Amino acid sequence: MTTDILVIGTGISGLTFAIKVAEESPEISLTLISKGDINEGNTRYAQGGIAVVRNLKKDSTEKHIKDTMIAGDGTCNSKVVKFVVEEANKRLDELIKWGTAFDKKEEQLDLGIEGGHSEKRIVHYKDQTGKQIQEVLTAKVKSFSNITILENHTLVDLITDHHSRSKMNRCYGAYIISQEEEEIIKIGAKITILSTGGAGSLYAYTTNPTVATGDGLGAAYRAKVQMDGLPFVQFHPTALRDKIEQNVFLITEAVRGEGGKLRNSLQERFMLKIDSRGELAPRDIVAREIQKQIEKQKENFVLLDGSEISEKRWKSHFPTIYNTCKSIGIFLPKDPIPVVPAAHYFCGGIIVNHQSESSLKGLYAIGECSATGLHGANRLASNSLLEALVFSHRAAIDCIKSLNQNLPSKSFYDKLPEWNGYDYSKNTTIQNVQVLREQLQQIMTKYVGIFKTDNGLERAEKKINNIYLKVQKLYHENKLTNGLCELRNMVSIAYLLTKQAQEIKVNKGVFYNQNYAR
Ligand code: SIN
């Protein structure tokens, strides 16, 4: 199979990119790969919203820039921050034009506030912003005849010069596994886009869906694409302690923006002692303090007291949280919500330029799998959907332009070699995959979580390496499956993340090694 552009991952960034290219250039063929149902991914679960300066009477782009830089602990790329914040309104207006609904108050967009923001600027749709965006973009993408969608297909590896034996240092598409037939398809592409999200599944407790296994990151690592900042894993301070149908459930920071208070088992508002911004301090500070409180007290959670928010407001503004809590016997606003921090967002990833192109020609990365320089050491709340919109737009313009350049002919892509990994000796159900996946999650949570130490990282490195060797053996001996692909990516990224963490000797943003405590 060949296509002009191969887009791997169907969250806000992949879909926005595809829509933009398809609208602008109907002659360009696009193929979209989704690991599960097209709607399943991190975007769908984003509750909070998109940070955009809308109220110019009070807010300004300068303030949003400053908040982003403060949250990033002085490590953001100021040029990138500036253009992302300045382009925000145009990108939001497009999303609205495409049919996305956002909450309104007196005909204006209703703006919320979250941790680290000095003004109200979060555009949202109840507590279902991501779901709303995902559904609108999915419907739109399905309306284009030049877009082919392959659901339930997983990225195996990028096709590079290593496979083509040419000397161009380019990406030529990818090998993809169909989950139903477990067949590996070669997709030759002039341009490949990774919009595969982060790797929250490396941790035992994560707000991410199980599909977030860092597939694009793993494939990029194997293709020697430049990557940075993987140890900057952001933990969201408030996930519901109780899992809902095996899944961790996020309690959006917007609840604290509406007046929710954090209390320990002694009912103390502990954040007030730590930071003048209290519950609305940047989330690295809040997550660390919650973790400390949990370690100090008997209960393994702290309480989010939402009693200042009226029941009417809970129901209209946070209906998913209201109903989910009710389903497990927590009646809002009367009952406090037991919360814990959970792995939430990868601030680092594949290094890209201002057009989202990676160090490998023909390979772009957009969304959470990329490292654009916007987030630095700690992402400001609700800046991720914004980053996805701005960089997918820029990548789309750049890709349309570069498709007009002198690229190899179709026959070159047709002649790329087929996948050569069919030479396996075993074809058994691999029980070990789930066991190894859980072991890896335990190691990452214990040694490479919110608090790290030099010794812990060293132990993690050895243990991850042992798992890596076992995964390599499984990979070489067995028929490839979706689960094995995921585990192969997870273990590679866990290893790289731990190695990069060992190099960091100064704590910044979400990164905290107790041996270097300030
Ligand atoms: C939240 O709603 O608290 C999460 C939003 C984000 O991660 O930016």
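The values are calculated or read from the model by the stated rules, or taken from the named source; none is laboratory data. Keep in mind the model is a prediction, meaning the values are calculated, not measured. FYI the Cβ positions are ideal-geometry reconstructions off the backbone, even for glycines, and counts take in every protein chain you see. Each accessible area value is taken on the protein alone, full model and side chains, heavy atoms only, with ligands, DNA and RNA left out. Shrake-Rupley method; radii C 1.70, N 1.55, O 1.52, S 1.80 Å.
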- Task: Filter the stretch 467-492 down to the residues that are hydroxyl-bearing (Ser, Thr, Tyr) and open to solvent by 20 Å² or more (accessible area, probe 1.4 Å), then identify the one that is nearest to MET227 (Cα to Cα).
- Result: TYR468
- Only one residue in TYR203, TYR175 is aromatic (Phe, Trp, Tyr) and within 16 Å of the ligand (Cβ to nearest atom). Which one? TYR203
- Residues satisfying the stated conditions in the stretch 262-277, i.e. open to solvent by less than 30 Å² (accessible area, probe 1.4 Å) and touching an Asp or Glu at 6+ places or on another chain (Cβ under 7 Å): LEU262, PHE270, MET271
- Quickly run through the stretch 493-518 and pick out the residues that are open to solvent by less than 10 Å² (accessible area, probe 1.4 Å) and out of contact with any Asp or Glu (no Cβ under 6 Å at 6 or more places or on another chain). ILE493, ALA494, LEU497, ALA501, ASN507, PHE511, ASN513
- Query: Within the bounds of the stretch 339-354, is there any residue that is farther than 29 Å from ASN77 by Cβ and either loosely packed, with under 15 Cβ neighbours inside 10 Å or within 20 Å of the chain's Cα centre (by Cα) (or both)?
  - Reply: yes
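Residues are listed down the side, and each one gets a yes or a no for (1) open to solvent by less than 30 Å² (accessible area, probe 1.4 Å); (2) modelled with pLDDT of 95 or more:
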{"position": "ARG44", "(1), (2)": "no, no"}
{"position": "VAL53", "(1), (2)": "yes, yes"}
{"position": "THR61", "(1), (2)": "no, yes"}
{"position": "LYS66", "(1), (2)": "no, yes"}
{"position": "ILE70", "(1), (2)": "no, yes"}
{"position": "LYS97", "(1), (2)": "no, yes"}
{"position": "THR100", "(1), (2)": "yes, yes"}
{"position": "GLY115", "(1), (2)": "yes, no"}
{"position": "GLU119", "(1), (2)": "no, yes"}
- Scanning the stretch 38-51 for residues that are in a loop (DSSP other than H, G, I, E, B) and either within 13 Å of the ligand (Cβ to nearest atom) or acidic (Asp, Glu) (or both), which turns out nearest to THR10 (Cα to Cα)? GLU40
- Message: With the requirement that a residue be under 24 Å from THR100 (Cβ atoms) and either of a type in the set (Lys, Arg) or away from the ligand (no atom under 16 Å from the Cβ) (or both), what does the stretch 59-75 give you?
- Response: ASP59, THR61
- Message: Taking the conditions exactly as written (at pLDDT below 95 and open to solvent by 60 Å² or more (accessible area, probe 1.4 Å)), does GLU311 satisfy them or not?
- Response: no
- Residue tally, condition of a type in the set (D, E, K, R) and more than 17 Å from the chain's Cα centre (by Cα), over the stretch 25-35: 1
- Message: Looking at GLY456, GLY449, GLY421, GLY509 in this structure, which one is at pLDDT 95 or above, touching a His at 6+ places or on another chain (Cβ under 9 Å) and of a type outside the set (Val, Ile, Thr)?
- Response: GLY509
- Note on the structure: Going through (1) surrounded by 22 or more Cβ atoms within 10 Å (Cβ to Cβ); (2) β-branched (Val, Ile, Thr); (3) out of contact with any strand residue (DSSP E or B) (no Cβ under 7 Å at 6 or more places or on another chain) one by one, ILE244 fails only at (1)
- Would you mention how many residues in the stretch 146-184 are open to solvent by 40 Å² or more (accessible area, probe 1.4 Å) and modelled with pLDDT of 95 or more? 4
- Message: Filter the stretch 261-293 down to the residues that are within 14 Å of the ligand (Cβ to nearest atom) and part of a loop (DSSP other than H, G, I, E, B) and list them by number.
- Response: ALA281, PRO282
- Task: Among the numbered conditions (1) among the polar types (S, T, N, Q); (2) in contact (Cβ under 8 Å) with a residue 24 or more places away in the chain; (3) away from the ligand (no atom under 16 Å from the Cβ); (4) surrounded by fewer than 20 Cβ atoms within 10 Å (Cβ to Cβ), tell me where SER143 comes up short.
- Result: (2)
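Can we say GLU308 is in contact with a Gly (Cβ under 6 Å, 6 or more places away or on another chain), of a type outside the set (S, T, N, Q) and farther than 23 Å from ASN247 by Cβ?
Taking the combined requirement at face value, the residue satisfies it.
Kindly provide the set of residues from the stretch 240-260 that are part of a strand (DSSP E or B) and either within 13 Å of the ligand (Cβ to nearest atom) or within 14 Å of PRO338 (Cβ to Cβ) (or both), ordered by number.
Selection gives LEU240, ILE244, LEU250.
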- Would you call THR498 assigned to a helix (DSSP H, G or I), under 27 Å from GLY348 (Cα atoms) and touching a helix residue (DSSP H, G or I) at 6+ places or on another chain (Cβ under 6 Å)? yes
- Test ILE328 against the stated conditions and say whether it is at pLDDT 95 or above and surrounded by 15 or more Cβ atoms within 10 Å (Cβ to Cβ). no
- Message: I'd like the full set of residues that are among the basic types (Lys, Arg) and part of a loop (DSSP other than H, G, I, E, B), limited to the stretch 54-76.
- Response: ARG54, LYS57, LYS58
- LYS35 passes all but one of the listed conditions (1) within 16 Å of the ligand (Cβ to nearest atom); (2) crowded, with 18+ Cβ neighbours inside 10 Å; (3) assigned to a loop (DSSP other than H, G, I, E, B); the exception is number (1)
- Answer residue from the stretch 361-388, given it is open to solvent by 10 Å² or more (accessible area, probe 1.4 Å) and more than 16 Å from the ligand (Cβ to nearest atom) and is farthest from the chain's Cα centre (by Cα) among those: LYS361
- Message: Tally up the residues in the stretch 1-24 that are within 21 Å of TYR172 (Cα to Cα) and over 23 Å from the mean Cα position of the chain (by Cα), please.
- Response: 5
